[in-house]
Amino acid sequence: MDRTMSPHQIVTAPELAPPSGYAHAVVATSGRTVFLGGQTALGPDGTIVGGTVAEQFDVAAGNVIAALRAAGGSPSDLVQLIIYVTDVRAYKAALGELGRLWRKHFGGRYRAVAVLGVTELFDEPAVIELVGTAVVTG
């Protein structure tokens, strides 16, 4: 399946502000639900890779896709992503680059997304952590 296509329906509520970088809602097609554990920019050697939000997002997103593929899914199966960041301002400043990285890993469609600022993450050098839910239809 093409990474930009999804069997899941993106819903935009007309009475809400138009979404940019996220979907108001996603109606998942029936399938197997996969709950993805939090992924930081943890490299294969167990250390955090990258120093900026964008660098770490790139690695963490790749880790999300690796975990999803291990569960039998693909990027198009992702229906929700919660993004935890230790610096919301740095995240906002990197939105242009983050959008490009989103398309690289997840395709052109945005899912139900939340960005939450936190004081720290489990891996101390980590500045971003991604937690996803997917519904695998194939």
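Would you mind stating whether D77 is under 21 Å from I48 (Cβ atoms), among the charged types (D, E, K, R) and out of contact with any helix residue (DSSP H, G or I) (no Cβ under 6 Å at 6 or more places or on another chain)?
Here the answer is no, as D77 does not meet what is asked.
Please count how many residues of the stretch 128-138 are touching a Gly at 6+ places or on another chain (Cβ under 8 Å), β-branched (V, I, T) and surrounded by 20 or more Cβ atoms within 10 Å (Cβ to Cβ).
Total meeting the criteria: 1.
Can we say D123 is acidic (D, E), open to solvent by 30 Å² or more (accessible area, probe 1.4 Å) and closer than 25 Å to V135 by Cα?
No.
With V26, V79 as the choices, which residue is of a type in the set (V, I, T), open to solvent by less than 30 Å² (accessible area, probe 1.4 Å) and over 30 Å from E124 (Cβ atoms)?
Checking each option against the conditions leaves just V79.
Sort out which residues of the stretch 1-38 are in contact with a Lys or Arg (Cβ under 9 Å, 6 or more places away or on another chain) and assigned to a strand (DSSP E or B), and write them in order of number.
The answer is I10, V26.
Of a type in the set (F, W, Y), under 19 Å from A134 (Cα atoms), open to solvent by 30 Å² or more (accessible area, probe 1.4 Å) and assigned to a loop (DSSP other than H, G, I, E, B), is that true of Y84?
So Y84 fails the test.
Among what's in the stretch 39-57 and is open to solvent by less than 40 Å² (accessible area, probe 1.4 Å) and either assigned to a helix (DSSP H, G or I) or in contact with a strand residue (DSSP E or B) (Cβ under 7 Å, 6 or more places away or on another chain) (or both), pick the residue that is farthest from Y22 (Cα to Cα).
I48
To keep it simple, each residue is scored yes or no on (1) in contact with a strand residue (DSSP E or B) (Cβ under 7 Å, 6 or more places away or on another chain); (2) more than 24 Å from V34 (Cα to Cα).
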site: A93; (1), (2): no, yes
site: E97; (1), (2): no, yes
site: W102; (1), (2): no, no
site: G107; (1), (2): no, no
site: L116; (1), (2): yes, no
site: F122; (1), (2): no, no
site: E129; (1), (2): yes, no
site: T133; (1), (2): yes, no
site: V136; (1), (2): yes, no
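Output the residue which, of all residues in the stretch 99-120 that are open to solvent by less than 30 Å² (accessible area, probe 1.4 Å) and not in a strand (DSSP E or B), is modelled with the lowest pLDDT.
That would be R111.
On the basis of being open to solvent by 40 Å² or more (accessible area, probe 1.4 Å), under 13 Å from A134 (Cα atoms) and among the charged types (D, E, K, R), does R69 make the cut?
Taking the combined requirement at face value, the residue satisfies it.
Tell me which residues, restricted to the stretch 83-131, are of a type in the set (D, E) and touching a Phe, Trp or Tyr at 6+ places or on another chain (Cβ under 7 Å).
If the condition is that a residue be of a type in the set (D, E) and touching a Phe, Trp or Tyr at 6+ places or on another chain (Cβ under 7 Å), then E129 is the only one that fits.
The values are calculated or read from the model by the stated rules, or taken from the named source; none is laboratory data. Since the model is a prediction, treat every value here as computed from it, not as a measurement. So basically every Cβ, Gly included, is an ideal-geometry build from the backbone, and we count neighbours across all protein chains shown. Side chains are part of the model used for accessible areas, which takes the heavy atoms of the whole protein and leaves out ligands, DNA and RNA. Shrake-Rupley method; radii C 1.70, N 1.55, O 1.52, S 1.80 Å.
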